[in-house]
Amino acid sequence: MKLLLSNDDGIDAEGLQVLADALKKEHDVYIAAPSGQRSAYSHSVTYFYSVNHACRKTIPGIREAYAIDGTPADCVYYGLCGLFDVTFDAVISGINNGRNLSSDCVYSGTVGAAAEGTLSFVPSIAVSLCGRDLVHYETAAKVLKTILPAFLEDPRRLDYMLNVNVPDLPYEELKGFKAAIFDTPVDYRRPITKEMVDADTLRLSMETPAPKKYESIRLPSGDSGAVSEGYVALTPLWFDMVRNDCLDNVRKMEMLF
């Protein structure tokens, strides 16, 4: 198969290198990845108003690779729209250096890259390694290789992008795979530091670590709970942001006109 790899940690990231190494013997692997760190760029794009440079990289075993001065979604867009003279069977984004669970996906450039693939009608997967030390990238690569054939055989593979979160454990210590929904959102707020630059300007920075605000409520089928228990969380994502269960609440506002 012909696979397009991308990420949001940059073309030199360990997770991308491990993933490419795991796939290159069995597949034709191409890489279009950011030239540097682009975490939390979500699904932002610049391709319709900016000219970005793509620098060719030589990576052993990889058919072609480019480091691109754009966002993760830019990279996938370029990769699918002519950067390579190839029709791809799948887009794989990752292996991300850290979790992309629940509300993390709103910010995630890893998920944004996979979403760009899905929008271009190519089956797409985002894969992330979850934990503190982040040493078992090979586990995440093996998980991806295991589920990829089943995902590509799914007749509805273009109806969702697959978000995969892997505990940072040796493969043999994983408890299994779990289909999961989003757990409750994370509270990302933390205190900011304000420094006066001049009479009209403040320099704003973020204090760390974030204070503990509340314990997230784990849902029975939630992704965060599954990973914390040692399972790989498999979550199908889509673009419909409509809360259909709240439409009746909004219909009350129709009477205001």
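The values are calculated or read from the model by the stated rules, or taken from the named source; none is laboratory data. Just so it is clear, the structure is predicted and the values come from calculations on it, not from any experiment. Positions of Cβ are backbone-derived with ideal geometry, glycine not excepted, and every protein chain shown enters the neighbour counts.
Which members of region 16-63 meet the condition of being over 26 Å from Y107 (Cα atoms), among the β-branched types (V, I, T) and exposed (fewer than 15 other Cβ atoms within 10 Å of the Cβ)?
T58
Select, from L158, L129, L152, the only residue that is more than 19 Å from V18 (Cβ to Cβ), not aromatic (F, W, Y) and not in a helix (DSSP H, G or I). Please lay out each step first, then the result.
Values: L129 fails: more than 19 Å from V18 (Cβ to Cβ); L152 fails: not in a helix (DSSP H, G or I).
Criteria check complete, one pass: L158.
How many of the residues making up region 130-161 are under 25 Å from S120 (Cα atoms) and of a type in the set (S, T, Y)?
Total satisfying the criteria: 2.
Considering each residue of region 148-162, count those that are in contact with a Leu (Cβ under 7 Å, 6 or more places away or on another chain) and closer than 23 Å to E26 by Cα, and give that number.
Quick first cut of region 148-162, residues in contact with a Leu (Cβ under 7 Å, 6 or more places away or on another chain) only: 151, 160-162.
This time we only want the ones that are closer than 23 Å to E26 by Cα, so: 151, 161-162.
Residues in region 148-162 being in contact with a Leu (Cβ under 7 Å, 6 or more places away or on another chain) and closer than 23 Å to E26 by Cα: 3 in total.
When residues of region 178-204 are filtered for being out of contact with any Gly (no Cβ under 7 Å at 6 or more places or on another chain) and either over 30 Å from V164 (Cα atoms) or part of a strand (DSSP E or B) (or both), how many remain?
Total meeting the criteria: 16.
Among the candidates S205, S224, which residue alone is of a type in the set (G, A, S), touching a strand residue (DSSP E or B) at 6+ places or on another chain (Cβ under 9 Å) and over 24 Å from I92 (Cβ atoms)?
Details: S224 fails: over 24 Å from I92 (Cβ atoms).
It is S205.
Given the condition touching a Cys at 6+ places or on another chain (Cβ under 7 Å), of a type outside the set (V, I, T) and surrounded by 14 or more Cβ atoms within 10 Å (Cβ to Cβ), answer yes or no: does some residue in region 125-132 qualify? I'd like the intermediate steps shown before the answer.
Here is the first cut: in region 125-132, the ones touching a Cys at 6+ places or on another chain (Cβ under 7 Å) are none.
No, region 125-132 contains no residue that is touching a Cys at 6+ places or on another chain (Cβ under 7 Å), of a type outside the set (V, I, T) and surrounded by 14 or more Cβ atoms within 10 Å (Cβ to Cβ).
Return yes or no: is D9 in contact (Cβ under 8 Å) with a residue 24 or more places away in the chain, touching a helix residue (DSSP H, G or I) at 6+ places or on another chain (Cβ under 7 Å), among the acidic types (D, E) and surrounded by 15 or more Cβ atoms within 10 Å (Cβ to Cβ)? Show your work before the answer.
Details: in contact (Cβ under 8 Å) with a residue 24 or more places away in the chain: yes; touching a helix residue (DSSP H, G or I) at 6+ places or on another chain (Cβ under 7 Å): yes; among the acidic types (D, E): yes; surrounded by 15 or more Cβ atoms within 10 Å (Cβ to Cβ): yes.
Yes.
Does region 168-188 include one or more residues that are buried (at least 24 other Cβ atoms within 10 Å of the Cβ) and modelled with pLDDT of 95 or more?
Yes, the conditions are met somewhere in region 168-188.
Looking only at region 213-227, count every residue that is farther than 11 Å from T184 by Cα and either modelled with pLDDT of 95 or more or assigned to a strand (DSSP E or B) (or both) and tell me the total.
Counting residues in region 213-227 that are farther than 11 Å from T184 by Cα and either modelled with pLDDT of 95 or more or assigned to a strand (DSSP E or B) (or both) gives 2.
Can you tell me which residue within region 216-232, out of those that are hydrophobic (A, V, I, L, M, F, W, C) and over 14 Å from S103 (Cβ atoms), is surrounded by the fewest Cβ atoms within 10 Å (Cβ to Cβ)?
Residues of region 216-232 that are hydrophobic (A, V, I, L, M, F, W, C), as a first pass: 217, 219, 226-227, 232.
Add one more test, that the residue is over 14 Å from S103 (Cβ atoms), and what stays is 226-227, 232.
Numbers: A226: 28, V227: 24, V232: 27.
Out of the qualifying residues, it is V227.
When you scan region 64-101, how many residues do you find that are touching a residue at least 24 places away in the same chain (Cβ under 8 Å) and either charged (D, E, K, R) or surrounded by fewer than 24 Cβ atoms within 10 Å (Cβ to Cβ) (or both)? Write out each step before concluding.
Pass one, region 64-101, residues touching a residue at least 24 places away in the same chain (Cβ under 8 Å): 64-81, 83-84, 86-101.
Pick out the ones that are also either charged (D, E, K, R) or surrounded by fewer than 24 Cβ atoms within 10 Å (Cβ to Cβ) (or both) and you get 64-67, 69, 74, 78, 80-81, 83-84, 86-90, 97-99.
Qualifying residue count, region 64-101: 19.
Do you know which residues across region 231-254 are within 19 Å of D104 (Cα to Cα) and either of a type in the set (S, T, Y) or in a helix (DSSP H, G or I) (or both)?
Y231, T235 - these are the residues of region 231-254 that are within 19 Å of D104 (Cα to Cα) and either of a type in the set (S, T, Y) or in a helix (DSSP H, G or I) (or both).
Restricting to region 102-125, give me the number of residues that are within 9 Å of the chain's Cα centre (by Cα) and without any contact (Cβ under 8 Å) to a residue 40 or more places away in the chain.
1
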